[in-house]
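Participant: Quick one: the structure is below, and I'll ask about it shortly.
Bear in mind these aren't lab numbers, they're just calculated from the coordinates by the rules spelled out. Here the structure is a predicted model, which is why all the values come from computation and not from measurement. Quick reminder, even Gly has a Cβ in these numbers, built from the backbone with ideal geometry, and neighbours come from all protein chains shown.
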Amino acid sequence: MKFYLLLLSYLFLQIVQSQEKIDRSALAKRNNVHVHQFDSLSSLSVGNGSFAFTVDATGLQSFPKHYQSGIPLGTQSVWGWHSFKDSVGYQFEESLRDYLFDGRMVSYGVQIKDPKRSLEAGNWFRQNPHRLQLGNLGFELIKKDGSIAQMEDLKDLHQELDLWTGVIKSSFTLEKELVAVQTLVHPSQDLIAVKVKSTLLQEKRIRIKLVFPFPTNAFADMGVNYNQSKKHLSTASDFQKGILFQHQLDSNRYFVSLQSSASLQFKERKAHEFLMVGEPSNELSFTCQFQQKASVSAAPDFATVSIASQTAWQNFWTKGAAVDFSHCKDPRAKEIERRMMLSLYLTRIQCANSQPPQETGLTYNSWFGKPHLEMHWWHGVHFPLWNRAELLEKSMGWYHDVAPMAFAIAKRQGYQGLRWQKMTDPQGAEAPSSVGAFLIWQQPHYISFAELLYRKNPSAATLKKYRDLVFATADFMADYTSWNPITKKYQLGKGLIPAQERFKPEETFNPSYELAYWDWALKTAQDWRVRSGMKRNATWDSVIQYLSPLPVQDQVYLSTESAKDSYTNPVFLTDHPSVLGTFGMLPNKGMLDTAIMRNTFNLVWDKWDWKDTWGWDFPMTAMSATRLGMPEKAVAALLMPIKTNTYLINGHNYQDERLRLYLPGNGGILTAIAIMCAGYDGNKIKNPGFPKDGLWDVRWEGLQPFF
């Protein structure tokens, strides 16, 4: 009898467990994106983390100029960088300016107007190198009268992004003739695979068009600069398997290989613009591969790429963590799930490569296509929290590769260790900036990344892999502090700009978030020494012991000690409310009074100019609310009705006319949801970021708790 009771108990447990297991396929498919019109903000992308291809409603990049003010139809790869020829001979040293801060003379690369040559040099190194838009690949559709069809000629549009397989399925009619298109990307190659079905192929009324744009050398590059035809060279030649294109810009050269299921004929209609048409048929499939080096070897065909894509995406969705909001009764849950799922997709295709990503990923350039290292936290921290640590690890090798440059920067400025820059390039070089050069909150990020990866794999191998740069990062942090003989404390600054970029470096010291981050990171670096069987670093311990306390006034934490009017001056109530990151992005390691932090949160919530914020500010606020035991505020923060907290139909975080997508917002949502569900060190509440009113039955599996 006892045996049967045990058996029944076991079977019941198995039934319960099977009922609780999340249906990953259903979760993905119910959040598929559907588009029914040409909308410049509704373009969709396919990609693999190192390469992305963004399409309009035809399934290719047929109307790139129409989309240039929305989500542009970009084609970008992690290797696609270009510099214009320096005909002047600028030297980076020309952008340097010396500043006297707390007894140290320190040089910073800035954009200054005097002398003129310095400004020009600063701009040169800020703008070069820049990411390339590699090409526009689209359809040219022909009407019965022989004219080229325009957008308004295409009817019955339906497009679906299938998250489960990574395929964009598009269909439309031209003069009542159906065209069906499938578009996808190879999971490990810079290769697009396309299948087209239509009777228009029989009449050769569907052509494939490839256009090579010229880089703009501007803040943004939408890939539609066709006005410099004499400054670059594009050629094409047949080979046994297809057509090989070559694009030459200054000293840069890359190749595009197009291979088809049927023989293709091509012609160059004008410089940099090529048309291809296949033999009469009802179906055409082809692949288009972007390459650093010329290769005419056979590429995988559409069917092979399709299987590889489906396998890769199903592995992605099934092996990482998942969160299911479908059992919630609160109507807001559906929108949170939509933003979450599309953010998982977008960060996978745009932010998971061998370099820190730029804020607009692999779609179009912002800040000349360069990554901002302080944003890498938002791009990458969520990966290990969602049990996909390997996607963060991809970019960790870059820090090792560019470390010599970071050591050289610290040495030039007179500091120990290495200094990670804010705005950089693939080689780790500085990009001059009168703001970015003074930011410091990117410095501890490497320690955060390493600690997350160690928690995932707490081994001697992990310690050995990352500890040298953890220690060098901490060496700079300790040496960067200055001793205040009056307070008998180490302080940060003067000579910095906090994450809230509203303060002058000459005046600013002891910002709350950065102080807390310094304390956490130095303590964590000491943990790494102990784990490695090494003695504690006495210099770090001295800084930890005597680091300035968080600045308090009227029982609230100040944004920075040097600005006593933080909450009365409207200027200081804009931009990032990074004081909330003090206990949101970070745990309480002994510096913080939670009652004062709760007062601070409430004051910021009520008084901040939320219209003048950025996309990651809202998940940061949700994270702080979660740690403070304010779950209703956490949910409200995620969905605050502010323009910069807008998530388009394709999942992109819209900021303004300049930044129509902003991936740090997407990464922030994922980090916030992980903390709201799985919690953090010391948390004992189930789903601490969601209200306990019976409306939030949030189910999850595989998430990792945060610090």
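Participant: Could you tell me the relative contact order of the chain? Use alpha-carbon pairs under 8 Å, at least six residues apart, and round to a whole percent. If you can, show how the numbers build up before the last one.
Facilitator: Values: 1528 pairs, mean separation 92.1, N = 707.
Once divided by the residue count of the chain, the mean separation gives 13 percent.
Participant: What do you get when you divide the Cα radius of gyration of the stretch 605-654 by 2.2 N^0.38 Å, with N the number of residues?
Facilitator: 1.13
Participant: For the pairs 464/488; 523/633; 422/564; 113/422; 267/293, flag any whose C-alpha to C-alpha distance is greater than 25 Å.
Facilitator: 464/488; 523/633; 422/564
Participant: Here's another thing I want to ask about it. Between residue 158 and residue 228, what is the FRET efficiency for a Förster distance of 41 Å, r being their Cβ-Cβ separation, to the nearest 0.05? Write down the numbers at each step before the final one.
Facilitator: On the way: r = 37 Å, r/R0 = 0.91.
Using R0 = 41 Å, I get an efficiency of 0.65.
Participant: Within the P(r) computed for the chain, what percentage of the Cα pairs occupies the region above 44 Å?
Facilitator: On the way: 66251 of 249571 pairs.
So the portion of pairs separated by more than 44 Å is 27 percent.
Participant: I would also like to ask the following. In the chain, what % of DSSP beta bridges are antiparallel (nearest 5)? Intermediate results must be reported in sequence, preceding the final value.
Facilitator: Details: 97 of 100 bridges.
Beta bridges within the chain, antiparallel portion: roughly 95 percent.
Participant: Per 0.36 nm of contour for each residue apart, how much would the distance between residue 640 and residue 612 grow if the chain were fully extended, relative to their Cα-Cα spacing?
Facilitator: On the way: separation 28, 0.36 × 28 = 10.08 nm, distance 1.30 nm.
Net length gain for the segment: 8.8 nm.
Participant: Using Cβ contacts closer than 10 Å as the measure, can you line up 656, 145 from fewest to most? Before the final figure, lay out the partial values.
Facilitator: Values: 656 10, 145 6.
Neighbour counts put them in this order, fewest first: 145, 656.
Participant: Under unit Cβ charges (Lys, Arg +1; Asp, Glu -1), what dipole magnitude, rounded to 20 debye, does the chain have relative to its Cα centre?
Facilitator: 1020
Participant: Still on this structure: What number do you get for the stretch 71-142 when its Cα radius of gyration is normalised by 2.2 N^0.38 Å, N = residues?
Facilitator: Normalised Cα radius of gyration, the stretch 71-142: 1.68.
Participant: Which distance in nm do the two modelled labels at residue 692 and residue 69 give, with both placed 7 Å along the Cα-to-Cβ direction?
Facilitator: Output for this residue pair reads 5.1 nm.
Participant: With 10 angstrom as the radius, rank 454, 513 by how many other C-beta atoms surround their C-beta, starting from the fewest. Intermediate values should be presented prior to the final figure.
Facilitator: Numbers: 454 22, 513 27.
Taking fewest neighbouring Cβ atoms as first place, the list is 454, 513.
Participant: On full extension of the chain, what length is gained from residue 464 through residue 34, given 0.36 nm per residue of separation minus the C-alpha to C-alpha distance? Write down the numbers at each step before the final one.
Facilitator: Values: separation 430, 0.36 × 430 = 154.80 nm, distance 4.69 nm.
Extra length available between residue 464 and residue 34 comes to 150.1 nm.
Participant: Still on this model: If you take all C-alpha pairs in the stretch 87-234, what percent of them are over 21 Å apart?
Facilitator: On the way: 7162 of 10878 pairs.
So the portion of pairs separated by more than 21 Å is 66 percent.
Participant: Taking a temperature of 25 °C and a viscosity of 0.890 mPa s, what whole-number D in µm²/s does Stokes-Einstein yield for the stretch 168-254 with Rh from Kirkwood over alpha carbon pairs? Present the calculation step by step, with values, prior to reporting the outcome.
Facilitator: Numbers: Rh = 16.2 Å.
Approximately 152 µm²/s, per Stokes-Einstein.
Participant: Quick one: net charge around residue 627, please, counting Lys, Arg +1 and Asp, Glu -1 for every other residue with C-beta under 15 Å from its C-beta.
Facilitator: +1
Participant: Using the 10 angstrom Cβ neighbour count as an exposure proxy, how do 395, 306, 326, 263 rank, fewest first? Could the numbers behind the result be given before it?
Facilitator: Working: 395 23, 306 20, 326 15, 263 9.
So the residues, fewest neighbours to most, are 263, 326, 306, 395.
Participant: Still on this model: Roughly how many whole Å is it from the C-alpha centroid of the stretch 18-65 to that of the stretch 304-381?
Facilitator: Result: 11 Å between the Cα centres.
Participant: Tell me the net charge near residue 531. Cut-off is 12 Å between Cβ atoms, residue 531 excluded, with +1 for each Lys or Arg and -1 for each Asp or Glu. List each step's numbers first, then the result.
Facilitator: Working: positive: 455, 464, 467, 529, 536; negative: 451, 527.
Overall, the nearby charge balance is +3.
Participant: Based solely on its DSSP helices, what 222 nm [θ] is calculated for the chain when runs of n ≥ 4 H residues each add -39,500 (n - 2.57) and the sum is averaged over all residues, nearest 500 deg cm²/dmol?
Facilitator: Values: 16 runs with 218 residues, N = 707.
Taken over the chain, the calculation gives -10000 deg cm²/dmol.
Participant: Based on the alpha-carbon set only, what is the convex hull volume of the stretch 566-650 divided per residue, in Å³? Intermediate results must be reported in sequence, preceding the final value.
Facilitator: On the way: hull volume 7.8 nm³, N = 85.
Taking the convex hull of the Cα positions in the stretch 566-650, it is 91 Å³ per residue.
Participant: Continuing with the same structure: Taking N as the number of residues in the stretch 551-707, what is its alpha-carbon radius of gyration divided by 2.2 N^0.38 Å?
Facilitator: Numbers: Rg = 15.6 Å, N = 157, 2.2 N^0.38 = 15.0 Å.
Taking the Cα Rg and dividing by 2.2 N^0.38 Å, one obtains 1.04.
Participant: Additional query: Charges on Cβ only, +1 for Lys and Arg, -1 for Asp and Glu, centred on the Cα centroid of the stretch 548-707; of 661, 599, 696, which one is farthest towards the dipole's positive end?
Facilitator: 696
Participant: Something else: At what distance in nm do the modelled label points of residue 332 and residue 569 sit from each other, each positioned 7 Å from its Cα along Cα→Cβ?
Facilitator: 3.3
Participant: Under the 0.36 nm per residue contour assumption, what length would be gained going from the current alpha-carbon distance of residue 685 and residue 246 to full extension? All intermediate terms of the calculation are to be shown ahead of the outcome.
Facilitator: Numbers: separation 439, 0.36 × 439 = 158.04 nm, distance 5.86 nm.
Length difference between fully extended and current span is 152.2 nm.
Participant: For residue 486, put the label point 7 Å out on the Cα→Cβ axis and report which residues of the stretch 565-592 keep their amide N under 19 Å from it.
Facilitator: Within reach of a label on residue 486, which here means backbone N under 19 Å from a point 7 Å along Cα→Cβ, the stretch 565-592 contributes 565-566.
Participant: Treat each spin label as a single point 7 Å out from the Cα along the C-beta direction, and report the residue 271 to residue 20 distance in nm.
Facilitator: Simple spin-label model gives 6.7 nm for this pair.
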